[in-house]
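Undergrad: First, the structure itself, so that you have it in front of you.
The values are calculated or read from the model by the stated rules, or taken from the named source; none is laboratory data. Here the structure is a predicted model, which is why all the values come from computation and not from measurement. Note that each Cβ is placed from the backbone with ideal geometry, even for glycine, and that neighbours are counted across all protein chains shown.
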Amino acid sequence: MRFSIVDRGDTYSTRITARIIEELTNNGWIFDSNKPEIVICVGGDGTILRAIHDNIHVNPNPMYVGIHTGTLGFLTDYGKDELPEFIDDLIHSKPMIKTNKMLEVTFPEKGETIYALNEVRLESLGKSLKLDVYIDGEFFETTNGSGVCVSTQAGSTAVNRALSGAVVDSELNIMQFCEIMPLSHMKHHSLRNPYIMNENRYVTIKGESLAYVNAYYDHLAKSLEGITVIEIKTSQKKVRFARYRTYSYLKRLKNLY
């Protein structure tokens, strides 16, 4: 098995990384950071997101599995006190594969596309954003506030939850649209509530004020200077998670709060 490993960079995680590399190579695994079959993440959810984006163009796409040493481990399957079990499962067990589709965010004027596992946010704290929102090409609403967030099911427990969006069960394939600090007065109203839609829909956002903000996708950011149109849809690009033990979404959810 070809593998690579990403850790959060602290002393403890680095020490665990060295132990995993030693154990796996002693058991015939091959360290290959260019074309891994599995990417092992030592840290928290941020570490997994970084690993996914670092390997997003690796073909075929690798599997991901994580051991939690950070501050939030919603995407990881093992705790830091379970290192022996983690290594033993990697070496001796065959994983189940759980897939999550990513968001595909296109900037037609630039001919560029980015991807996100959790969400994409168009956000400004210093300037009110007036944005026209279309769903499947049909006008939906004009928002006026600090921005908007479009999330996946996986991202429903991330920034979306902080925006009072709905937490979505793991077996549902959806996109969720939330406004960020929307303004409401006698001359302007918008939905304000989160809108959960079928994964097959696509969202188009238009507005001159996009040029003054960034697109925040997962842990990354992109300037929107010169951009007035953004298209967001569910991508065919998938993230594959290797599950070596029973996956309980409800248990992870309870651990979150």
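Undergrad: Taking LYS233, is it basic (Lys, Arg) and surrounded by 14 or more Cβ atoms within 10 Å (Cβ to Cβ)?
TA: yes
Undergrad: Taking the residues in the stretch 122-139 that are under 25 Å from the mean Cα position of the chain (by Cα) and within 17 Å of LEU191 (Cβ to Cβ) as candidates, determine which candidate is modelled with the lowest pLDDT.
TA: Selected residue: LEU129.
Undergrad: Being among the hydrophobic types (A, V, I, L, M, F, W, C) and out of contact with any strand residue (DSSP E or B) (no Cβ under 7 Å at 6 or more places or on another chain) is the filter; apply it to the stretch 88-109 and report the residue that is farthest from ASP77 (Cα to Cα).
TA: ILE91
Undergrad: Need at least 1 residues that are more than 19 Å from SER124 (Cα to Cα), within 16 Å of the chain's Cα centre (by Cα) and not hydrophobic (A, V, I, L, M, F, W, C) per element, so show me which strands (runs of 3 or more DSSP E) inside the stretch 156-257 make the cut, counting only ones lying wholly within it.
TA: 174-180, 229-243
Undergrad: Would you say SER164 is farther than 20 Å from SER209 by Cβ and either out of contact with any strand residue (DSSP E or B) (no Cβ under 8 Å at 6 or more places or on another chain) or surrounded by fewer than 24 Cβ atoms within 10 Å (Cβ to Cβ) (or both)?
TA: So SER164 passes the test.
This table checks each residue for (1) surrounded by fewer than 18 Cβ atoms within 10 Å (Cβ to Cβ); (2) over 15 Å from SER128 (Cα atoms); (3) in contact (Cβ under 8 Å) with a residue 24 or more places away in the chain.
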{"position": "ILE180", "(1), (2), (3)": "no, no, yes"}
{"position": "THR204", "(1), (2), (3)": "no, yes, yes"}
{"position": "ASP218", "(1), (2), (3)": "no, yes, yes"}
{"position": "SER223", "(1), (2), (3)": "yes, yes, no"}
{"position": "LEU253", "(1), (2), (3)": "yes, yes, yes"}
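Undergrad: May I ask you to list the residues in the stretch 103-122 that are surrounded by 19 or more Cβ atoms within 10 Å (Cβ to Cβ) and of a type in the set (Asp, Glu)?
TA: Across the stretch 103-122, the qualifying residue is only GLU119.
Undergrad: All but one of (1) surrounded by 14 or more Cβ atoms within 10 Å (Cβ to Cβ); (2) within 16 Å of LYS237 (Cβ to Cβ); (3) out of contact with any strand residue (DSSP E or B) (no Cβ under 9 Å at 6 or more places or on another chain) hold for HIS57, so report the exception by its number.
TA: Among (1) surrounded by 14 or more Cβ atoms within 10 Å (Cβ to Cβ); (2) within 16 Å of LYS237 (Cβ to Cβ); (3) out of contact with any strand residue (DSSP E or B) (no Cβ under 9 Å at 6 or more places or on another chain), HIS57 violates only (1).
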